[in-house]
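*Asks:* Following this message is one structure expressed as C-alpha cells.
The values are calculated or read from the model by the stated rules, or taken from the named source; none is laboratory data. Keep in mind it's a predicted model, so treat the numbers as computed, not measured. So basically every Cβ, Gly included, is an ideal-geometry build from the backbone, and we count neighbours across all protein chains shown.
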Amino acid sequence: MRDFLRRYWRTLTRPSAYYSLGFLTIGGFVAGVLSWGAFNTAMEFTNTEQFCIACHEMRDNVYQEIQPTIHFTNRSGVRAKCSDCHVPKDWTHKMARKMQASKEVWGWIFGTISTREKFLAKRRELAEREWVRMRANDSLECRNCHEFGSMDFTRQSKRAAEAHSTSLQSGEKTCIDCHKGIAHRLPDMAKQ
Amino acid sequence: MKCLATIPKGFVFLSLLLLTPAFAQQAHDPLRPGAGFAEDPKTAPLVNAENDDKKRVRSYAMQPPTIPHKTDNYQLDRFANRCMMCHARTRAPETQATPISITHYMDRDGNFLADVSPRRYFCDQCHVVQMEGQPPPVRSTFRDVDEIIRGKARK
C-alpha cells in the first residue's frame with residue numbers, strides 16, 4: 001500500500017514528459033469547467049421536486065399534505081417547491097445542508113420512516129429539527145419571498161397586522177414561531 | 001319465465017316507473033334542492049369566509065358564538081388543535097383571543113377537568129364561520145327572545 005502511494009506521489013510531483021504545458025493548462029481549465037458544471041447540475045437536480053418525491057416517504061406523506069395549502073394551490077399560481085423552504089439558497093449554506101442531508105439517505109436505506117406509522121411516530125422529532133433550523137436563521141427561507149419591508153399592514157387582517165407590527169417588527173419573534181404547520185400537518189403536539 | 005315469477009309484481013312495476021323519463025324529472029334530490037336527478041344544475045360560486053374579527057350578535061344566550069375570521073386549512077385532529085393555539089386559557093394574554101369558556105372544561109357529569117373536555121375538543125362541531133354577503137342557506141322563522149318580549153310589552 002505504501003509503495004503504491006509512493007509510486008503515485010512520484011508521478012504527480014514529476015514534470016510531464018509527454019504533454020505540453022498548453023495542453024495541461026487549457027485541458028485542465030476545460031476539465032475543471034466541465035466537472036464543476038456537472039457537479040452543480042447534479043446538485044441542482046437534488047433540489048427538484050421530482051427528486052424529492054421519487055421516494056414514497058415524501059410522496060405519500062408530506063407531498064400530499066402540501067397540495068391543498070396556499071403554498072401549492074392559490075389564485076395566482078405562484079408556488080413553493082420543497083427546496084424553496086428546506087434548502088438555503090446561497091452556496092455555502094446549501095452545501096452544509098446537502099451534507100447534513102446525507103443522513104436522510106441513511107434513513108432511506110434503512111427505512112427509518114418507511115411506513116405511515118413509523119413516519120407519524122418520528123414526525124415530532126423531524127418537525128422539531130426543522131423548526132430549530134428556521135428559528136436559528138431567522139426564518140430565512142420564508143423571507144426569501146415574504147419580505148418584511150414590503151408588507152402592507154393595511155392590507156392584512158386585523159390580527160395579522162397586530163402580530164406583524166409588534167412581535168415580528170421588533171425581532172422578538174420570527175415567522176416560524178407562529179406559522180408552524182402551514183405547509184404540512186403538525187405532529188402530535190401533546191407529546192413532550 | 002320461471003325466475004321472473006319469483007320477483008314480486010310490485011317491484012317490476014316500480015322499476016319500470018323509475019325508468020320513465022317523466023318520473024325522473026319530477027324526482028327531487030334533497031342534496032341538490034330544485035334540481036331533478038337527471039338535471040345538471042349550475043353550482044353557485046364559492047365565497048370567502050368573513051374575516052373582520054368583529055364579534056357578532058348571539059341570537060340566544062346559549063348560542064355558540066360564530067367565528068369572525070377565516071379558518072381555512074386549520075388543523076383540527078388528534079395531533080393538533082389550531083384553534084387552541086390562540087383560544088386556550090394560557091394563550092389568551094399573548095393573542096388577545098377570547099379564551100374558551102368554563103363549560104368547555106366540563107365533562108358530562110358536570111365535573112371540571114384540567115384541560116378541554118374531550119367532548120368539546122372539536123371546535124367546529126358548534127362554532128362556524130360565516131360566508132361573505134351570503135343570505136342564510138336555510139330559511140328559518142326563528143325570532144330573538146328579546147324581540148318577542150319587547151313585542152309583547154308593546155301590546
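*Asks:* Determine whether A:Ile182 is within 11 Å of chain B (Cβ to nearest Cβ) and touching a residue at least 12 places away in the same chain (Cβ under 8 Å).
*Replies:* Taking the combined requirement at face value, the residue satisfies it.
*Asks:* Of everything in segment A:171-181, what is assigned to a loop (DSSP other than H, G, I, E, B), within 21 Å of the chain's Cα centre (by Cα) and surrounded by fewer than 19 Cβ atoms within 10 Å (Cβ to Cβ)? Give them in sequence order.
*Replies:* Selection gives A:His179 alone.
*Asks:* Right, next: All but one of (1) out of contact with any Phe, Trp or Tyr (no Cβ under 7 Å at 6 or more places or on another chain); (2) within 27 Å of A:Ala163 (Cβ to Cβ); (3) at pLDDT 90 or above; (4) not small (Gly, Ala, Ser) hold for B:Thr103; state the number of the condition that does not hold.
*Replies:* Only one criterion in (1) out of contact with any Phe, Trp or Tyr (no Cβ under 7 Å at 6 or more places or on another chain); (2) within 27 Å of A:Ala163 (Cβ to Cβ); (3) at pLDDT 90 or above; (4) not small (Gly, Ala, Ser) is unmet by B:Thr103, namely (2).
*Asks:* Of all residues being outside any helix (DSSP H, G or I) and more than 19 Å from A:Ile53 (Cα to Cα) in segment A:89-106, which is nearest to the chain's Cα centre (by Cα)? Just the residue, please.
*Replies:* Checking each candidate, the answer is A:Lys89.
*Asks:* Only one residue in A:Asn61, A:Asn40 is closer than 22 Å to A:Leu120 by Cα and either among the polar types (S, T, N, Q) or not assigned by TED's automatic domain parsing to the domain that holds A:Arg133 (or both). Which one?
*Replies:* Checking each option against the conditions leaves just A:Asn61.
*Asks:* Can you tell me which residues in segment A:69-88 are of a type in the set (Ser, Thr, Tyr) and either under 23 Å from B:Gln75 (Cα atoms) or not in a helix (DSSP H, G or I) (or both)? Walk me through it before giving the result.
*Replies:* So the first thing to find is which residues in segment A:69-88 are of a type in the set (Ser, Thr, Tyr), and the list is A:69, A:73, A:76, A:83.
Matches in segment A:69-88: A:Thr69, A:Thr73, A:Ser76.
*Asks:* Only one residue in A:Ala163, A:Ala136 is touching a Cys at 6+ places or on another chain (Cβ under 7 Å) and either within 12 Å of another protein chain (Cβ to nearest Cβ) or among the small types (Gly, Ala, Ser) (or both). Which one? Reasoning before the result, please.
*Replies:* On the way: A:Ala136 fails: touching a Cys at 6+ places or on another chain (Cβ under 7 Å).
Just one listed residue meets the conditions, A:Ala163.
*Asks:* Please state which of the following conditions B:Ala97 fails to meet, knowing it meets all the rest: (1) in a loop (DSSP other than H, G, I, E, B); (2) more than 14 Å from every other protein chain (Cβ to nearest Cβ); (3) surrounded by 12 or more Cβ atoms within 10 Å (Cβ to Cβ).
*Replies:* It is condition (2) that B:Ala97 fails.
*Asks:* From the list B:Asp124, B:Asp109, which residue is modelled with pLDDT of 90 or more, away from chain A (no Cβ under 14 Å) and in a loop (DSSP other than H, G, I, E, B)?
*Replies:* Criteria check complete, one pass: B:Asp109.
*Asks:* Of the conditions (1) over 30 Å from B:Asp52 (Cα atoms); (2) of a type outside the set (Phe, Trp, Tyr); (3) in contact with a His (Cβ under 8 Å, 6 or more places away or on another chain), A:Glu141 clears all except one; give me its number.
*Replies:* (1)
*Asks:* Could you please give the count of residues in segment B:81-91 that are within 11 Å of chain A (Cβ to nearest Cβ) and either part of a strand (DSSP E or B) or in contact (Cβ under 8 Å) with a residue 12 or more places away in the chain (or both)?
*Replies:* Here the count works out to 2.
*Asks:* Filter segment B:54-67 for residues that are in contact (Cβ under 8 Å) with a residue 60 or more places away in the chain and within 14 Å of chain A (Cβ to nearest Cβ) and give the result.
*Replies:* Residue satisfying the conditions is B:Ile67 alone.
*Asks:* Only residues that are away from chain B (no Cβ under 14 Å) and not in a helix (DSSP H, G or I): list them for segment A:139-160, please.
*Replies:* Of everything in segment A:139-160, those that are away from chain B (no Cβ under 14 Å) and not in a helix (DSSP H, G or I) turn out to be A:Ser139, A:Asn144, A:Cys145, A:His146, A:Glu147, A:Met151, A:Asp152.
*Asks:* Only one residue in B:Thr90, B:Thr71 is closer than 30 Å to B:Ala44 by Cα, β-branched (Val, Ile, Thr) and not assigned by TED's automatic domain parsing to the domain that holds B:Leu31. Which one?
*Replies:* When all the criteria are applied, what remains is B:Thr71.
*Asks:* Being at pLDDT 95 or above and among the polar types (S, T, N, Q) is true for just one of A:Ser20, A:Ser35. Which residue is that?
*Replies:* Testing whether each residue is at pLDDT 95 or above and among the polar types (S, T, N, Q) leaves just A:Ser35.
*Asks:* Which ones in segment B:37-53 are within 26 Å of A:Arg75 (Cα to Cα) and either surrounded by 10 or more Cβ atoms within 10 Å (Cβ to Cβ) or within 12 Å of chain A (Cβ to nearest Cβ) (or both)? Explain how you work it out, then say what you get.
*Replies:* Start the filter on segment B:37-53 by keeping residues that are within 26 Å of A:Arg75 (Cα to Cα), which leaves B:41-53.
Of everything in segment B:37-53, those that are within 26 Å of A:Arg75 (Cα to Cα) and either surrounded by 10 or more Cβ atoms within 10 Å (Cβ to Cβ) or within 12 Å of chain A (Cβ to nearest Cβ) (or both) turn out to be B:Pro41, B:Leu46, B:Val47, B:Asn48, B:Ala49, B:Glu50, B:Asn51, B:Asp52, B:Asp53.
One line per residue, one yes/no per condition, for (1) part of a helix (DSSP H, G or I); (2) over 24 Å from A:Leu120 (Cα atoms); (3) away from chain A (no Cβ under 13 Å); (4) at pLDDT 95 or above:
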| site | (1), (2), (3), (4) |
| --- | --- |
| B:Lys70 | no, yes, no, no |
| B:Asn73 | no, no, no, no |
| B:Phe79 | no, no, no, no |
| B:Gln134 | no, yes, yes, no |
